[in-house]
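Asker: One structure coming up, written as structure tokens, with questions to follow.
The values are calculated or read from the model by the stated rules, or taken from the named source; none is laboratory data. These numbers come from a predicted model, not from an experiment. Every residue, glycine as well, gets a Cβ built from its backbone with ideal geometry; the counts of neighbours run over all protein chains shown. For accessibility, only protein heavy atoms count, side chains too; no ligands or nucleic acids. Shrake-Rupley method; radii C 1.70, N 1.55, O 1.52, S 1.80 Å.
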Amino acid sequence: MDSKDTIREQKLQVILCGPLPKTERALLRRGDVEIIREKKNLNLLIGLNNGAIDCDMMIVEAPNGHGLYGLTYPMGKRKTCPVWMVADPPHEAIWNEINRQLGEAPAKRQAERDAAITVGPPKHEILILADTPQQRDRLTGWAREIYASWKMTLPPLTVPEDVKAYLRELPRPSAPPAAVVIEMAGVDSLNAAEQIRRLYPKVGLVWCCDLNFSAQAYHLDVDYFYLFSEADIGKFGIGLNRAQLLYNKRGNTL
């Protein structure tokens with residue numbers, strides 16, 4: 001890695017929204033902060049939402065700022081950064097709290113790196129969780145047809161017969177598969193989706209159920225949800241394509 005890139009990686013990334021000249025000077029005096037600005041704040045927010053921009057803190061100018069904290073802003077999937085709304089300069093107590101949070105950021109970064117190293121790279125496989133042998137046979141057959149039509153090599157398929165036992169015995173942490181497909185009935189289906197998302201926050205996830213859990217699917221960041229009554233090879237293909245496309249955009253860590 002280039003030395004300049006190393007230095008940049010070690011610096012804390014702080015987004016400033018608003019002029020905040022006194023706050024900026026105080027941050028730069030720390031020596032470990034890089035200020036991120038954008039002429040249009042909307043571009044910054046979009047970049048944070050889609051994971052293109054990473055930061056350790058966001059500070060927003062508020063003319064009557066009272067140091068509002070406990071606020072966070074999403075960065076991609078399953079990650080947030082703290083947000084402060086302050087006057088310029090911030091009140092002393094608020095400034096001390098900002099510095100405390102920034103001081104904890106390197107340890108948090110290192111913990112994320114250590115977790116990624118422990119888990120390792122994602123497994124080149126598709127995990128299929130289904131209730132019955134008939135469902136498992138149908139889904140594996142569809143997967144072969146779909147990949148043949150894509151003129152791509154089908155990744156290895158992991159298709160456990162006992163879904164509950166498989167999920168119970170999964171090591172924590174464990175490397176995520178390339179995609180997970182769930183086709184199960186009732187509340188067991190919801191439980192499986194919730195457990196997969198806890199284990200693998202970024203994995204591509206296709207979910208099919210007899211009950212309409214579309215609201216739950218939205219909150220679990222499911223890439224494609226459909227009902228048993230809608231299930232066919234076309235729906236399954238759309239789900240696999242979307243899950244793996246979005247997974248590649250999200251990155252290959254936990």
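Asker: Does residue 250 qualify as being modelled with pLDDT under 95, among the charged types (D, E, K, R) and within 25 Å of residue 134 (Cβ to Cβ)? Can you show your working first?
Answerer: Values: modelled with pLDDT under 95: yes; among the charged types (D, E, K, R): yes; within 25 Å of residue 134 (Cβ to Cβ): no.
No: the conditions fail for residue 250.
Asker: Now for a separate question. Suppose we keep only residues that are touching a residue at least 24 places away in the same chain (Cβ under 8 Å) and open to solvent by 30 Å² or more (accessible area, probe 1.4 Å) within the range 88-105. Which one would you say is nearest to the chain's Cα centre (by Cα)?
Answerer: Of the residues in the range 88-105, the ones touching a residue at least 24 places away in the same chain (Cβ under 8 Å) are 88-91, 93-95, 97-99, 101-102, 105.
In the following step, the residues that additionally are open to solvent by 30 Å² or more (accessible area, probe 1.4 Å) were identified as 88-89, 91, 93, 95, 97, 99, 101.
Values: 88: 33, 89: 34, 91: 34, 93: 33, 95: 30, 97: 27, 99: 27, 101: 22 Å.
Step by step, filter the range 88-105, then rank; the result is 101.
Asker: Let me ask something else. Quick one: in the range 36-78, of everything that is among the hydroxyl-bearing types (Ser, Thr, Tyr) and at pLDDT 70 or above, which residue is farthest from the chain's Cα centre (by Cα)?
Answerer: 72
Asker: Here are the criteria: (1) surrounded by fewer than 17 Cβ atoms within 10 Å (Cβ to Cβ); (2) of a type outside the set (Val, Ile, Thr); (3) modelled with pLDDT of 90 or more; (4) not in a loop (DSSP other than H, G, I, E, B). Tell me which single one residue 9 does not satisfy.
Answerer: Failing condition for residue 9: (3).
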